[in-house]
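Engineer: Okay, here's the structure, questions in a sec.
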Amino acid sequence: MDLDDLAIFQAVVREGGITRAAAKLHRVQSNVTTRIRQLEADLGVPLFLREGKRLSLSPAGRVLDGYARRLLDLAAEARAAVADSLPRGRLRLGSMESTAAARLAPVLAAFHERHGGVQLELRTGATAGLVAGVLDGTLDCALVAGPVVDPRLDNAPVFEEELVAIAAAGHPPVRRAADLRTRVLLTFEPGCAYRQRLEAWLASESVVPERFVELASYHAMIGCAACGMGVALVPRSLLDSLPAAAVSVHPLPPRLARAPTMLVRRSDIVAPAVDAFLELLRERSAPALPAAA
């Protein structure tokens, strides 16, 4: 049973017979008759009572008539919603935890006020998992650490982060990786782009980590760093958004410190809600960033 079959069925009901329905649909009578018989065969019940050339709805036909009207109306609504440029439906947004904590609250509040018809869903995670979610369609878009190189994705820069190393308070200045007193790395899971930068920093100076301690939140990471357990890499904007933490903050080399945050989306999907969210992000980004990567 498909929508075309239901449209033909509805035409026969409205026009009161095959001949008029065929003329209305600009089809030959035999085609309309065949499609009605195929629909009856598919459902396993007669939809019309046939008395000579006269047709009337059977009990099953009366039941289907109500459903057919609703399904065809819903299909028309869906087509209009897809073609409409107004944001509606759901926006399944992915974000790195640091971005969600330090950047997103005012943006989400403004989006909700401006586009109340859109249902927002937020999922946080590491960059690799978020990109995979956009590619497999479980997320509409995601805020991830850039750059992201994939021909299936569109990238738009929205924030510029400065990454810093944190360690226990009183830790001597860190000018290079070898200055770290501890080689224990406090990180997220392996798919985290900031973890990859921390590893790259140590590897560039032939410093071998003692071990990794994988944590599930920045609050835990900062707390462990404050206790002297290890060193972590965090965006300065996140530190600025939290109550003063008892950690020492150490700048990184510029090539590692500069970390653009990108909004990634499928390049082959038109999504007005994603367009509206990106527009709002650009309005609230400071300083203004280029429109495309």
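The numbers here are math on the coordinates, done by the rules we state, and not lab data. Source: prediction; values computed, not measured. Note that we place each Cβ from the backbone using ideal geometry, even for glycine, and neighbour counts take in every protein chain shown.
Engineer: Under 5 Å between amide hydrogens, which residues at least 5 positions from V164 or on another chain qualify, with H placed 1.01 Å from N in the peptide plane?
Structural biologist: So V164 has HN proximity to V234, R236.
Engineer: Among F188, F212, which comes first, second and so on when ranked by fewest other beta-carbon atoms within 10 Å? If you can, show how the numbers build up before the last one.
Structural biologist: On the way: F188 24, F212 17.
The most exposed by this proxy come first: F212, F188.
Engineer: Could you list which residues have their amide H under 5 Å from that of S248, counting only those 5 or more apart in sequence or on another chain, with H placed in the peptide plane?
Structural biologist: Amide H neighbours of S248: A167, A168, A169, G170, H171.
Engineer: With a cap of 14 neighbouring Cβ atoms within 10 Å, and only residues DSSP puts in a loop, list the GluC sites (Glu not before Pro) found in the range 44-112. Show your work: numbers first, answer last.
Structural biologist: Details: sites: E51, E77, E97; in loops: none.
For GluC sites (Glu not before Pro) across the range 44-112 that sit outside H, G, I, E and B with at most 14 neighbouring Cβ atoms in 10 Å, the list is empty.
Engineer: Mind giving me the FRET efficiency for E15 and S85? R0 is 25 Å, r the Cβ-Cβ distance, nearest 0.05 is fine. Let's see the in-between values first.
Structural biologist: Numbers: r = 36 Å, r/R0 = 1.43.
Efficiency at R0 = 25 Å is approximately 0.10.
Engineer: Oh, and also: Could you go through the range 34-42 in sequence order and give the Karplus-derived ³J(HN,Hα) for each residue, using 6.51 cos²θ - 1.76 cosθ + 1.60 with θ = phi - 60°, rounded to whole Hz, and x for Gly and Pro?
Structural biologist: Values, residue by residue: 4, 5, 5, 5, 5, 5, 5, 5, 5 Hz.
Engineer: Something else: Could you put V264, V148 in order, starting from the residue whose Cβ has the fewest other Cβ atoms within 10 Å?
Structural biologist: Numbers: V264 26, V148 20.
Ordered from fewest to most neighbouring Cβ atoms within 10 Å, V264, V148 come out as V148, V264.
Engineer: What residue among A165, A23, G125 has its Cα farthest toward the positive end of the dipole of the chain, where the charges are +1 on Lys, Arg and -1 on Asp, Glu, each on the Cβ?
Structural biologist: A23
Engineer: Could you run the Karplus curve 6.51 cos²θ - 1.76 cosθ + 1.60 with θ = phi - 60° over the range 148-155 and give me ³J(HN,Hα) per residue in whole Hz, x for Gly and Pro?
Structural biologist: 10, 10, 7, x, 7, 10, 9, 10
Engineer: Would you mind checking the tilt of helix 193-204 against the longest principal axis of the Cα atoms of the chain, expressed as 0 to 90 degrees and rounded to 10?
Structural biologist: 40 degrees
Engineer: Quick one: putting +1 on the C-beta of Lys and Arg, -1 on the C-beta of Asp and Glu, what dipole do you get for the range 3-83 around its Cα centre, in Debye to the nearest 20? The partial results should precede the final answer.
Structural biologist: Working: 13 positive and 9 negative charges, 64 e Å.
Charge dipole, the range 3-83, about its Cα centre: 300 debye, nearest 20.
Engineer: Hey, another quick one. For S95, what residues show an amide H to amide H distance below 5 Å, using hydrogens built from the backbone and excluding near sequence neighbours?
Structural biologist: Those qualifying (amide H under 5 Å, at least 5 residues apart or on another chain) are R123, T124, G125, L143.
Engineer: Using the Karplus equation 6.51 cos²θ - 1.76 cosθ + 1.60 (θ = phi - 60°), what ³J(HN,Hα) coupling, rounded to whole Hz, does each residue of the range 108-119 give in order, writing x for Gly and Pro?
Structural biologist: Once rounded to whole Hz, the list reads 5, 5, 5, 5, 4, 5, 7, 10, x, x, 9, 8.
Engineer: Let me ask something else about it. Using Cβ contacts closer than 10 Å as the measure, can you line up F159, F9 from fewest to most?
Structural biologist: On the way: F159 21, F9 25.
Arranged by neighbour count, lowest to highest, F159, F9 become F159, F9.
Engineer: Here's another thing I want to ask about it. With +1 assigned to the C-beta of every Lys and Arg and -1 to the C-beta of every Asp and Glu, and no other charges, what is the dipole magnitude of the chain about the Cα centre in debye, to the nearest 20? Before the final figure, lay out the partial values.
Structural biologist: Numbers: 34 positive and 32 negative charges, 126 e Å.
With Lys and Arg at +1 and Asp and Glu at -1, about 600 debye.
Engineer: Let me ask you something else. For the range 55-159, what class follows from the C-alpha gyration tensor (a ≥ b ≥ c being the square roots of its eigenvalues): rounded when a/c is under 1.5, otherwise prolate if a/b is larger than b/c, else oblate?
Structural biologist: On the way: a/c = 3.27, a/b = 2.41, b/c = 1.36.
Because a/c hits 1.5 or more and a/b exceeds b/c, the range 55-159 counts as prolate.
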